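For reference, the structure discussed in these notes is given below.
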Amino acid sequence: MNLRTPGPTPLPPSVREALTRDMVDHRGPAFAAVYKEVDKNLHDLFSTTDDILLLTCSGTGGLEASVANFFSAGDKVLVVSIGYFGDRYDKISRAYGLDVTALKYQPGQAADPADIQAALEADPGIAAVMVTHNDTSTGTTNDVEAIGKVVKGAGKLFLVDAISSIGSIPLETTAWGCDVVVTAGQKSWMIPPGLAFVSVSPPAWERHQTSRLPRFYFDLTEAKKASEISSTPWTPAISLFYALQASLRLMKEEGLSNILARHARLGNLVRGRLAARGLKPVPEDQARASNTVTAFYLPEGADARAVQRELRERFDVHLAGGQGSLAGKILRIGHLGYVQEPELNEALDALETVLELAPVAS
Ligand SMILES: *Cc1c(COP(=O)(O)O)cnc(C)c1O
């Protein structure tokens, strides 16, 4: 199978093997040793010494934790949305009773830091800014470094949904001023769905102390207390910790700079081949096109679901469809995690065949 969804991503052999191991007592030394190693390696890849808490849930649970732990009802926040996942941060914030100012962009646009600056100046009562680093729905990457300068310059808390970026696309948690960074195991981290990682800076912990939103399972006070003895407050997905131990060993061996370079190379490969066939990318500015997922419009008259089905049935190639307003109009190719050139070339060959595009003369 050629799984080219932007999460879940394929599993390396050593990760699959780790998943077959028997259970241990999650309050005992064997689990603590796994936790310690995972915690150390994650810190290197997050480029931070901030706490990183490991939650048993999908990425959305991590986003929910990032809202429930740092605010009280009625707090003003600025939610920047460039797509379906930015909208999700908006919905979670509203569900928890926050006073949301939405800064919303059209699909394919990236956020302009100047707009964020203007929104913060227009309402000094805003306490925090939420941003999606890489909106997986449009394959567009925001300039989190530039946005961080604006947000920290204004003295606000900065929360980043980096679920489909960190570990594949550069993100320097501390250097870029990110107070809370959320990601999930089934994206760059090459493990099955079910774990979210949330980093928390000292200013975020300070806000946490006075934050009154209701929380229990996702109470980060409990997660931090348990992390100090290399444990979790509730029963963790133990198998996923084994898997993460194995995948982080692979990431350490490859090295972060090589991982980032590989994703840049693969992003260029996919964009280059689609452009050669005249397939229009969703991101307007190619400098902001994602190195983990490429979203493109189908040619006039092509039926997205039929193309997806044919790819699946004839070639065992699995692409993702569009979400929200882009459903039925686009397809998305994931190229993050455990992936190299051959699988991508195979998927693109199949796509060209299904779309009956004439071969390019070489
Ligand atoms: C995958 C993803 C999510 C959602 O994560 P789930 O694990 O499906 O809950 C949120 N934000 C972004 C940017 C994502 O790519």
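Read-outs throughout are calculated quantities, based only on the coordinates presented, and are distinct from any laboratory measurement. Just so you know, these numbers come straight off a predicted model, no measurement behind them. Please note: Cβ atoms are built from the backbone with ideal geometry, for glycine as well, and neighbour counts cover all protein chains shown.
Classify the stretch 1-76 as rounded, prolate or oblate from the Cα gyration tensor: take a ≥ b ≥ c as the square roots of its eigenvalues, call it rounded if a/c is under 1.5, otherwise prolate when a/b beats b/c and oblate if not.
Cα axes put the stretch 1-76 in the oblate bin.
By how many nm would the segment from Ala30 to Leu355 grow when fully extended, if each residue of separation counts as 0.36 nm and the alpha-carbon distance is taken off?
Once the chain is fully extended between Ala30 and Leu355, it gains 111.8 nm.
Rounded to the nearest 20 debye, what is the charge dipole size of the chain about its Cα centre when +1 sits on each Lys and Arg Cβ and -1 on each Asp and Glu Cβ?
Approximately 280 debye in magnitude.
If you keep only loop residues by DSSP, which GluC sites (Glu not before Pro) in the stretch 234-313 have at most 10 other Cβ atoms within 10 Å of their Cβ?
Passing sites in the stretch 234-313 are Glu300.
Would you please give the FRET efficiency between Glu341 and Lys224, computed as 1/(1 + (r/R0)^6) with r the Cβ-Cβ distance and R0 = 41 Å, to the nearest 0.05?
Once the sixth-power term is evaluated, E becomes 0.50.
What is the calculated FRET efficiency for Thr235 to Ala302, with r their C-beta to C-beta distance and R₀ = 35 Å, to the nearest 0.05?
0.15
Assuming 0.36 nm per residue, please report the length gained on full extension of the stretch Asp99 to Asp123 beyond their Cα-Cα distance.
Length gained between Asp99 and Asp123: 7.5 nm.
The stretch 81-149 to the stretch 260-295: how many Å between their Cα centroids?
Cα centres, the stretch 81-149 to the stretch 260-295: 23 Å.
Using θ = phi - 60° and the Karplus relation 6.51 cos²θ - 1.76 cosθ + 1.60, list the HN-Hα couplings for the stretch 299-308 in order, rounded to whole Hz, with x at every Gly or Pro.
These are the phi-based 3J(HN,Hα) values: x, 2, x, 7, 9, 4, 5, 5, 5, 4 Hz.
Could you tell me the calculated FRET efficiency between Glu145 and Arg309, based on Cβ-Cβ distance and R0 = 51 angstrom, to the nearest 0.05?
0.80
Exactly which chymotrypsin sites (Phe, Trp or Tyr not before Pro) in the stretch 197-263 are in a DSSP loop and have at most 16 other Cβ atoms within 10 Å?
Listed in order of number, the matching sites are Phe216, Tyr217, Trp234.
Let me know the number of lysine pairs in the chain closer than 19 Å at the Cα, not counting same-chain pairs under 8 apart.
Taking the chain as the scope, the lysine pair count is 13.
Regarding the chain, what is the average projected area of its C-alpha convex hull, in nm²?
That works out to 17.7 nm², a quarter of the Cα hull's surface.
Over the chain, calculate the relative contact order: mean separation of alpha carbon pairs under 8 Å at least 6 apart, over the residue count, as a percent.
26
Provide Ser168, Ser81 in ascending order of the number of other Cβ atoms located within 10 Å of each residue's Cβ, fewest first.
Arranged by neighbour count, lowest to highest, Ser168, Ser81 become Ser81, Ser168.
How much length is gained if the chain between Met23 and Met1 is pulled fully straight, taking 0.36 nm per residue apart and subtracting their Cα-Cα distance, in nm to one decimal?
In short, 5.0 nm is gained.
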